[in-house]
Amino acid sequence: MKQLLILLLLAGTVSAQSKREKKVVFVIADGIPADVIEKVATPNIDKIIAAGTYTRMHVGGGKNTYSETPTISAVGYNSLLTGTWVNKHNVPDNDIKAPNYHYHNIFRLFKEAYPTKKTAVYSSWEDNRTKLALSEYVDLHADGYELDTASFHHDKQRDFMHNIDEKVIAEAVAGIKKDAASLNWVYLEYTDDMGHMHGDSPEFYKAVSLMDAQMGKLWEAIQYRRQHFPEDWMIVITTDHGRDEKTGRDHGGQSARQRSTWMVTSYRPLNNYAKYYEPGIVDIMPTIARYLQINIPDSVAREVDGTPLIGKVAIAQAAGTFIQGNIDLKWKALEDAGNVKIYVTTTNQFKEGGQDEYKLIKEVPLKQEHALIDVKNLGGSFYKIVLETRLNTVNIWVK
Ligand SMILES: [Zn+2]
């Protein structure tokens, strides 16, 4: 009888746990290479790491491949939002002239899955909402302060940018405590400004310290919600690119330090993919989607370049080489059992808003970690390949 009671109590705890609503705050602190976030004292971020995880990460896509991506700010933000590299999302610079919105961003995916739940953007750059996340998918926002030169006079030292970041944080803290949208994006710019002006310098490191204090405020707001409401929160803090090795002033290229980024999250543990391979910025979108239980439509999921960093995944690190009418495929298996279904299409209608007809070419054991597929009869010289497992899919282009 006592045992039954304990079981009932346990069952009650489990169902109470699962009734807690899941919410996310993701933060981009602009332009901080991994070596810098690791070097500067960040007592507030350390608290989050103590409860969760720190990992190095990369940006820049596949170096010298079809997905190579400039290590530039808006390019990185859109990789974060869409889980794709520039060959798909089409934001190659900060002008954001013609994003390809067919690669749906996390705000759209969330609102289409949960139309009545709320999203929010708190940002030191208005374009992030209006051109990337897209206003129609954002319920609450605090941004545009960079356009208000009366309240935020643009001084030469660019201290106004720190003041804007502070305003953004104050709005985010108030918004998280009061409105508590399910999906919150916080964007802060001051660190990148100091990097550009001063390179590796006390000024740059001080900007990182100021950002750390801001993360402390966000973390407190999250604790407040957790304690007073039936909610579970995941915070993800990352950056959009590193900086050059020589001065620390520049970025945009493909050197190791420009590609070197990082992620802090309150979530633990990350999965074996995150543990054994170096994650990329494109992995964050599918990670948030998984946490918020967003069902990504198949046609969109087949284009996502990232792999979730939480929960089970079976396959990662796919690559393919065209060899005389065949494609030599390889991948890494993260589960012992199961098969991989290999789908191929020679069209890219998805890019224009259409659908591609994928053909199932082969099904092989996951553990094999390679397959040779004959594509002679498919025609064409461009192949989109999807490797599907029970737990996740990965995709590559072969030209
Ligand atoms: Zn940047």
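FYI, it's all coordinate maths here, none of it is from the lab. Being a predicted model, the structure only gives us computed values, none of them experimental. Note that we place each Cβ from the backbone using ideal geometry, even for glycine, and neighbour counts take in every protein chain shown.
With a bin width of 10 angstrom, please list the P(r) values of segment 163-208 as percents of all Cα-Cα pairs, from the 0 bin to the one holding the largest distance.
26, 39, 24, 11
Return Thr321, Thr119, Thr287, Thr82 ranked ascending by Cβ neighbour count within 10 Å, so the fewest neighbours appear first.
Going from least to most buried by this count: Thr321, Thr119, Thr287, Thr82.
Could you quote the convex hull projected area for segment 315-398, Cα atoms only and averaged over all directions, in nm²?
Projected over every direction and averaged, the Cα hull of segment 315-398 covers 5.2 nm².
With charges set only on the Cβ (+1 for Lys and Arg, -1 for Asp and Glu), what does the dipole of the chain come to about its Cα centre, in debye to the nearest 20?
The dipole of the chain has a size of about 1440 debye.
What is the diffusion coefficient of segment 177-309 in µm²/s, taking the Kirkwood radius over Cα pairs and the Stokes-Einstein relation at 37 °C with a viscosity of 0.692 mPa s?
D = 193 µm²/s.
Using amide H atoms built 1.01 Å from N in the peptide plane, name the residues 5+ places from Val236, or on other chains, whose amide H lies under 5 Å from its own.
Counting only residues 5 or more places away or on other chains, the set is Val25, Phe26, Val27.
Arranged by the count of other C-beta atoms within 10 angstrom, fewest first, what order do His104, His251 take?
His104, His251
Applying the Karplus parametrisation 6.51 cos²θ - 1.76 cosθ + 1.60 with θ = phi - 60° to the phi angles of segment 368-373, what ³J(HN,Hα) value in whole Hz is obtained for each residue in order, glycine and proline being reported as x?
4, 6, 6, 7, 10, 10
So what J values fall out for segment 384-399 if you push phi through Karplus, 6.51 cos²θ - 1.76 cosθ + 1.60 with θ = phi - 60°, rounded to Hz, Gly and Pro as x?
9, 10, 10, 9, 10, 10, 4, 9, 6, 10, 10, 9, 9, 9, 10, 10
Please list, in chain and number order, the residues 5+ apart from Lys359 or on another chain whose amide H is under 5 Å from its amide H, with Hs placed from the backbone.
Long-range HN contacts for Lys359: Val344, Thr345.
Counting only C-alpha contacts under 8 Å and six or more residues apart, can you give the relative contact order of the chain as a whole percent?
Across the chain, relative contact order equals 21 percent.
For Lys275 and Ala41 in one chain, what is 0.36 nm times their gap in residues minus the Cα-Cα distance, to one decimal in nm?
Roughly 81.8 nm would be gained on extension.
Taking θ = phi - 60°, what integer Hz values does the Karplus form 6.51 cos²θ - 1.76 cosθ + 1.60 yield along segment 284-289, in sequence order, with x for Gly and Pro?
For segment 284-289, the Karplus-derived couplings read 5, 4, x, 5, 5, 4 Hz, x marking Gly and Pro.
Using the number of other C-beta atoms within 10 angstrom as an exposure proxy, rank Phe229, Phe152 with the fewest first.
Listed from fewest to most nearby Cβ atoms, that is Phe229, Phe152.
Which FRET efficiency value, to the nearest 0.05, is calculated for Thr149 and Lys177 with the Förster distance at 22 angstrom and r the Cβ-Cβ distance?
The value I calculate is 0.15.
So if I take the alpha carbon set of the chain, get Rg, then get Rh from the Kirkwood formula, what is the Rg over Rh ratio?
Rg divided by Rh gives 0.99.
What length, rounded to one decimal in nm, is gained on full extension from Glu126 through to Asp328, with 0.36 nm per residue of separation minus their alpha-carbon distance?
Gain on extension, Glu126 to Asp328, equals 68.3 nm.
Would you mind computing, in nm to one decimal, how far apart the modelled labels at Asp95 and Lys63 are, each placed 7 Å from Cα along Cα→Cβ?
Here the modelled spin labels are 2.8 nm apart.
Ratio of alpha-carbon Rg to the 2.2 N^0.38 Å globular estimate for segment 255-332, to two decimals, please.
Against the compact-globule rule of thumb, the ratio is 1.27.
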